[in-house]
Amino acid sequence: MPQLNFLTALYLVITTALWAGNAVAGRLLVGSVSPITLSAVRWGLAGVLLLPWSWRILRKDSPLWQNKARFLVLGLFGIGSYNALLYLALQTSSPINVTLIGASMPIWMLLIGSVFYQVRPNLLQVIGAVVSLLGVSIVLTRGDVTALVSMQLVKGDLLIMLATILWAAYSWMLTKPGKSPEKQWTWSDFLMAQIFVGFLWTLLFDGFEIASGNAYVHLSLKTGALILFMAIGPSLISYRLWGVGVSRAGPTVAAFFANLIPLFTALLSALLLGEPPRLFHALAFALIVVGIVASSTKREPQNRKSP
């Protein structure tokens, strides 16, 4: 039975903080690396860094090829598509729209779990989703939630909605070991299998960016340092800790921690700009935490008939 304890919560908080750093780093790289090429370079470097611990997974007799169908989907949903769709969404959508729509992840987690995995949400989880989403809204509107009324949907909003749904599906897939029991995998092999396949998907998408003439890379010390951070922190460390957090707490509870990303992003941005945190940041954090606690207070019903 999935359970949330202090260590699991810490893993998920570290994950969201690093992903917030990824968002800030991505903004700092605007104009230095084109969006899809940035994703390809990030994951290619992450794979190279992980290779010394997981090169055996690429051998012909490894379980990767025995479960290739599963990893084609895992690599596409978790690595190949999410970042590509996010970067594309930001071409036509505003950051507030993109982040707010991405904050709907707990709702998609609950829906996918109920429809495809027969895990129905309880009332506290639904309440937690609403309260946590309110906390995110306060961060994004800087305390003025009435600003949401003026939001307008564009093509990018639909792209980030698709990305969020795919990530929710990816997270649920992490709870299913497939044909090969996951306990037979080391964490580095399991992550490398995803990175390898996801990188191939990203190269495919990058091919279209190159063909359209929109691919570019302007190397500098700052660019190299930021990409190295993205390859290690938001990629290797975060994906490892997210996988552990999902397996221990369950996808629905873990999803609520993702709502900390816009809060951490706002705080990091304020820090870089020399602006102190505001009162609404504290209020938003409190609401997000209440949502997390509410979602994990009651155990998820199994809803499976006894044999």
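The values are calculated or read from the model by the stated rules, or taken from the named source; none is laboratory data. Keep in mind the model is a prediction, meaning the values are calculated, not measured. With ideal geometry, Cβ positions are generated from the backbone for all residues, glycine too; neighbour counts draw on all protein chains shown.
A few notes on this one:
- Complete set of residues in the range 90-104 that are hydrophobic (A, V, I, L, M, F, W, C) and either at pLDDT 75 or above or within 12 Å of the chain's Cα centre (by Cα) (or both): A103
- Any hit, the range 80-89, residues being assigned to a helix (DSSP H, G or I), more than 14 Å from the chain's Cα centre (by Cα) and either within 23 Å of F205 (Cα to Cα) or at pLDDT 90 or above (or both): yes
- Residue, nearest to M173 (Cα to Cα), within the range 99-125, restricted to residues that are in contact with a Leu (Cβ under 7 Å, 6 or more places away or on another chain) and part of a helix (DSSP H, G or I): Q125
- Residues of the range 224-241 satisfying the condition of being surrounded by fewer than 18 Cβ atoms within 10 Å (Cβ to Cβ) and either touching a Pro at 6+ places or on another chain (Cβ under 6 Å) or among the small types (G, A, S) (or both): G224, A225
- Scanning the range 169-176 turns up at least one residue that is surrounded by fewer than 19 Cβ atoms within 10 Å (Cβ to Cβ), modelled with pLDDT under 70 and either under 20 Å from the mean Cα position of the chain (by Cα) or within 30 Å of W53 (Cβ to Cβ) (or both).
- Residues located in the range 46-63, provided they are assigned to a helix (DSSP H, G or I) and buried (at least 18 other Cβ atoms within 10 Å of the Cβ): A46, G47, L50, S54, I57, P63
- Flag if G245 is within 30 Å of L123 (Cβ to Cβ), touching an Asp or Glu at 6+ places or on another chain (Cβ under 9 Å), crowded, with 22+ Cβ neighbours inside 10 Å and modelled with pLDDT of 75 or more: no
- Screening the range 202-223 for residues that are under 15 Å from V30 (Cβ atoms) and among the hydroxyl-bearing types (S, T, Y) and picking the one that is surrounded by the most Cβ atoms within 10 Å (Cβ to Cβ) gives T223.
- Flag if L18 is of a type outside the set (F, W, Y) and surrounded by 22 or more Cβ atoms within 10 Å (Cβ to Cβ): yes
- The condition of being under 17 Å from A215 (Cα atoms), of a type in the set (A, V, I, L, M) and part of a loop (DSSP other than H, G, I, E, B) holds for only one of V41, V30, that being V30.
- S150 vs. criteria surrounded by fewer than 16 Cβ atoms within 10 Å (Cβ to Cβ), at pLDDT below 70, of a type outside the set (A, V, I, L, M, F, W, C) and on the phi < 0 side of the Ramachandran plot: yes
- Screening G26 on (1) in contact with a Gly (Cβ under 9 Å, 6 or more places away or on another chain); (2) under 26 Å from D157 (Cβ atoms); (3) at pLDDT below 85 shows it passes everything except condition (1).
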